[in-house]
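The values are calculated or read from the model by the stated rules, or taken from the named source; none is laboratory data. Just so you know, these numbers come straight off a predicted model, no measurement behind them. Counting neighbours? That spans all protein chains shown, and the Cβs are built from the backbone with ideal geometry, glycine included.
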Amino acid sequence: MGFKLLLILEKILMALPHKVRKGFFTLLASIGYYASKRHRKIVKQNLHFLFGDTMSEEEIKSITKYSFKNLLLNFLHVMELRNISREELESKITIQNREVVERVHAEGRAVIYITAHYSSWELAGASLGAFVEPLGAVYKRMKNREYEEWLLEGRAKFGNTNLEKNNVVKPLIKLLKAKKASALLIDTNISTKEGILVDFMGKKIRQTYTPAYLARKFNAAIIPGIIRTDDEENYTLTLFDEIPVVKTDDADADILQATQLQANWLASLIRKEPKFWFWLHRRFKTDYPEIYS
C-alpha cells in the first residue's frame with residue numbers, strides 16, 4: 001500500500017513545477033528535523049566526535065537542519081531522475097577536471113571512482129554515468145524491495161548498472177578486466193572484516209580497502225569525485241586527480257597507504273564544508289559504539 005502511494009505521489013509531484021516539488025520536500029525535511037529527536041542526536045554525536053567542542057550550538061543546529069534537508073533533496077533527485085531527460089539533467093550539471101579520466105583511458109586503464117554521501121550523491125552518480133562514462137555502482141540491499149527497485153531504476157536511467165554489495169568483488173573484477181568503470185562509496189559504517197584502520201580527522205576508523213586492493217591488482221586508477229552546489233539548482237561535479245597506488249613487495253602496506261590517502265581526501269572535504277556530508281547515519285558505530293549510547 002505504501003509503495004503504491006509513493007507512485008501516486010510521484011505522478012502528482014512530477015506534474016507540478018520543480019519549485020513546488022522542492023518546496024514539498026523541504027517542508028518534509030523541516031518536519032523530520034523537529035519530529036526526530038533521535039536523528040538530531042546522531043548528528044550532534046557525530047559532529048562532537050570529529051570536531052570536539054570547536055563548533056557552537058548554532059553551527060551544530062544549522063548543519064543538523066541542512067542534513068535533513070539534503071537527505072530529502074536527494075530523494076527528490078531520485079524522483080526527478082526517473083522522469084527527466086538527459087538534456088534536462090545536463091542543464092543542471094557542470095563537470096570539472098574531466099581530463100583526468102581521459103588521461104587514464106589513454107593509458108588503457110580502467111577507473112574506480114570513489115565518492116561519499118556528500119551533497120547530492122544521487123545526481124553525482126547519474127551525471128558520471130551520463131556525461132563521463134557508464135559505471136557499475138555498488139549499493140547495499142534494502143529491506144523494502146519495491147522501494148529498492150524504484151530507487152535503482154532512477155540510478156540506472158542514464159546508463160549505469162547497479163551492483164549489490166554482497167559478493168560484489170567478482171562483478172567488479174569483470175568490469176576492470178573489460179576496462180570499464182565502477183564506483184564505490186567510502187564513507188559508510190562497515191564491519192571489522194570489511195575494512196582496515198586509517199586515521200580520519202584524528203580518529204582511528206575502519207574504511208573499505210576494496211578500491212585500493214582492486215586498483216593495485218588490476219592497475220586501475222582511483223579517481224575521487226564529488227558534487228556540490230551553491231544554490232541547490234546548479235551543481236558542479238568535480239573529478240580529482242588520481243590517488244596513487246604503489247606496488248611493492250608489501251601488498252598490505254601498499255593497500256593501507258592508498259586507503260589512507262582516500263581518507264585524507266574525504267576528511268579535507270568535510271573540514272572545508274561540513275554541512276554537505278551525511279551526518280544522519282551512525283558512521284562510527286563499529287569502532288566507537290559508545291558515542292551513540
Just for the stretch 257-285: of the residues that are basic (Lys, Arg) and either assigned to a helix (DSSP H, G or I) or at pLDDT below 95 (or both), which one is surrounded by the most Cβ atoms within 10 Å (Cβ to Cβ)?
Lys275
Among the strands (runs of 3 or more DSSP E) lying completely within the stretch 117-208, list those that include at least 2 residues that are in contact with a Pro (Cβ under 6 Å, 6 or more places away or on another chain), modelled with pLDDT of 95 or more and surrounded by 15 or more Cβ atoms within 10 Å (Cβ to Cβ).
none
All but one of (1) over 18 Å from the mean Cα position of the chain (by Cα); (2) touching a residue at least 60 places away in the same chain (Cβ under 8 Å) hold for Arg216; which doesn't?
(2)
Could you tell me which numbered condition Tyr235 fails, if it satisfies all but one of (1) at pLDDT below 95; (2) under 17 Å from the mean Cα position of the chain (by Cα)?
(1)
Checking Tyr33 against (1) surrounded by 18 or more Cβ atoms within 10 Å (Cβ to Cβ); (2) in contact (Cβ under 8 Å) with a residue 40 or more places away in the chain; (3) in contact with a helix residue (DSSP H, G or I) (Cβ under 8 Å, 6 or more places away or on another chain), the condition it does not meet
(2)
Does Ala253 qualify as being at pLDDT 95 or above, part of a helix (DSSP H, G or I), among the aliphatic types (A, V, I, L, M) and surrounded by 16 or more Cβ atoms within 10 Å (Cβ to Cβ)?
no
Tally the residues that are more than 12 Å from Ala183 (Cα to Cα) and of a type in the set (A, V, I, L, M), restricting the search to the stretch 152-168.
2
